[in-house]
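First up is the structure itself, then whatever we jot down about it.
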Amino acid sequence: MPQGVDAPRSPSHVSVLPVEVLRLLCPAPGQVLVDATLGAGGHARLLAERLVPGGRLIGLDRDATMLELARPRLADLPVTRVQAPFSQLRQVLDDQGIAAVDGVLADVGVCSDQLDDPQRGLSFAQPGPLDMRFDPTTGEPASALLHRLNERDLADLFWRYGEERFSRRIARRIVEARRHAPLETTEQLAQLVRRCIPRPAGRRRKPPIDPATRVFQALRIAVNDELGELERLLKILPSCVRPGGRVAVISFHSLEDRLVKTAFRDRSLWEVLTRKPVRASAEEVRNNPRARSAKLRAALRL
Ligand SMILES: C[S@@+](CC[C@H](N)C(=O)[O-])C[C@H]1O[C@@H](n2cnc3c(N)ncnc32)[C@H](O)[C@@H]1O
């Protein structure tokens, strides 16, 4: 490798519920599957290995950086990587000349690799620009949203997507702060939020999670319209999957899980394969704390 050229980064993201995804999607040679959230390519690799010979996997991600990061991991497998939001899955399949697939996986939300990159502005633990877009070429960065929304809408956003108890206080402080100067960095926002949230009374130890966690999560969900995207995916899924095909959705937020549960309730379209959402075992959570809030639901297309 020439001097001064960085070696390709290997992904740090650990895929959640890998065994359960395989059990519920039943990938088999010759099948065509979709990974709607390719991310670091962990699930995609597990699935694509089981589609050969004769099958293929179409992997979507909104984030071009993730598609590039996943490339080496999938190089020896029949995987087509496409940059697109999963709400456009029908269009992507049309472009590929595919009428219907045998299965779809969606593991929604964010990858560790995106959180670890300070330039994405997704983490309160890293100084960086307040951007948060999965696709930084479209839409509005978090800093612009914080500038545009009025106090009430900010408070609603933090409450609805972050269940943040101090949402009103935080919204008020943001509106006060931005009169003097725009909030443009993760550090500015994280410090502002930390100042709004009292330390738990009677306890000396640090709070179990950073007080900025919920506000950052809420902003990320809003910036990327994550619930709208999932709703649109669930609406088009029946037109993308053949009868007898399977879908699996992993979500990390109660509002997302509710959308999935409600969509699978349509008994004219789906037979539910998971009466209750499948959760990670204690051992998986020990090895991969992100798995703690993962909920997997799967269904068979009728
Ligand atoms: C939790 S990660 C997926 C990890 C992957 N399953 C693995 O094993 O490496 C979620 C990925 O979905 C992508 N993503 C989020 N919302 C999306 C959307 N609406 N359309 C397409 N990709 C999306 C993110 O950019 C991120 O790379």
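Taken together, the values in this text are just the output of simple stated rules run on the coordinates, not laboratory data. For clarity, every value in this text was computed on a predicted model and none was experimentally measured. Note that we place each Cβ from the backbone using ideal geometry, even for glycine, and neighbour counts take in every protein chain shown.
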> Taking neighbour counts of Cβ atoms within 10 Å as a proxy for exposure, in what order, fewest first, do Val278, Val285 appear?
Replying inline: Val285, Val278
> Rounded to the nearest 5, what is the percent of antiparallel bridges among the DSSP beta bridges in the chain?
Replying inline: 40
> What's the Kirkwood radius of the chain in Å, using all Cα pairs?
Replying inline: 20.4
> Where in region 19-85 are there trypsin sites (Lys or Arg not before Pro) that are in a DSSP coil and have at most 11 other Cβ atoms within 10 angstrom of their Cβ?
Replying inline: none
> Hey, could you pull the Cα Rg and Dmax for region 71-124, both in Å?
Replying inline: 14.6, 43
> Taking the inverse of the average 1/r across all pairs of different Cα atoms in region 214-281, what Kirkwood radius in Å do you get?
Replying inline: 13.3
> What is the Å³ per residue value for the convex hull set by the Cα atoms of region 18-162?
Replying inline: 135
>> Quick check: the angle from helix 64-74's long axis to the longest principal axis of the chain, C-alpha only, nearest 10 degrees?
In response: 40
> What is the Cα centroid distance between region 142-176 and region 191-266, reported in whole angstrom?
Replying inline: 17
> Convex hull volume of the Cα atoms in region 6-97, per residue, in Å³?
Replying inline: 96
>> Compute, for region 135-223, the length of the dipole vector about the Cα centre, with Cβ point charges of +1 (Lys, Arg) and -1 (Asp, Glu) only. Units Debye, rounded to 20.
In response: 740
> With the Cα gyration tensor of region 155-286 giving a ≥ b ≥ c as the square roots of its eigenvalues, does the rule (a/c under 1.5 for rounded; else a/b larger than b/c for prolate; else oblate) give rounded, prolate or oblate?
Replying inline: prolate
> Which residues' amide hydrogens lie under 5 Å from the amide hydrogen of Thr185, considering only partners 5 or more residues apart or on another chain, with H built in the peptide plane?
Replying inline: Leu130
>> Quick check: the angle from helix 254-264's long axis to the longest principal axis of the chain, C-alpha only, nearest 10 degrees?
In response: 30
>> Once you keep just the Cα pairs under 8 angstrom separated by 6 or more residues, what percentage relative contact order results for the chain?
In response: 19
> Based on the Cα gyration tensor of region 135-223, what are the three equivalent ellipsoid semi-axes, each the root of five times an eigenvalue, rounded to whole Å and given largest first?
Replying inline: 23, 14, 12
> Per residue of the chain, what 222 nm ellipticity follows from adding -39500 (n - 2.57) for every DSSP H run with n ≥ 4, rounded to the nearest 500?
Replying inline: -12000 deg cm²/dmol
> Which of the peptides 89-98, 181-190 is most tightly packed, and how do the rest follow, going by the mean number of other Cβ atoms within 10 Å of each residue?
Replying inline: 181-190, 89-98
> Ranking Thr274, Thr37 by Cβ neighbours within 10 Å, fewest first, what do you get?
Replying inline: Thr274, Thr37
> Counting Lys and Arg as +1 and Asp and Glu as -1, each charge on the Cβ, what is the dipole of the chain about the Cα centre in debye, to the nearest 20?
Replying inline: 1480
> For region 41-57 and region 76-132, what is the separation of their C-alpha centers, rounded to whole Å?
Replying inline: 17
> Can you give the angle from 0 to 90° between the axis of helix 186-196 and the longest principal axis of the chain, with both taken from C-alpha atoms, to the nearest 10?
Replying inline: 60
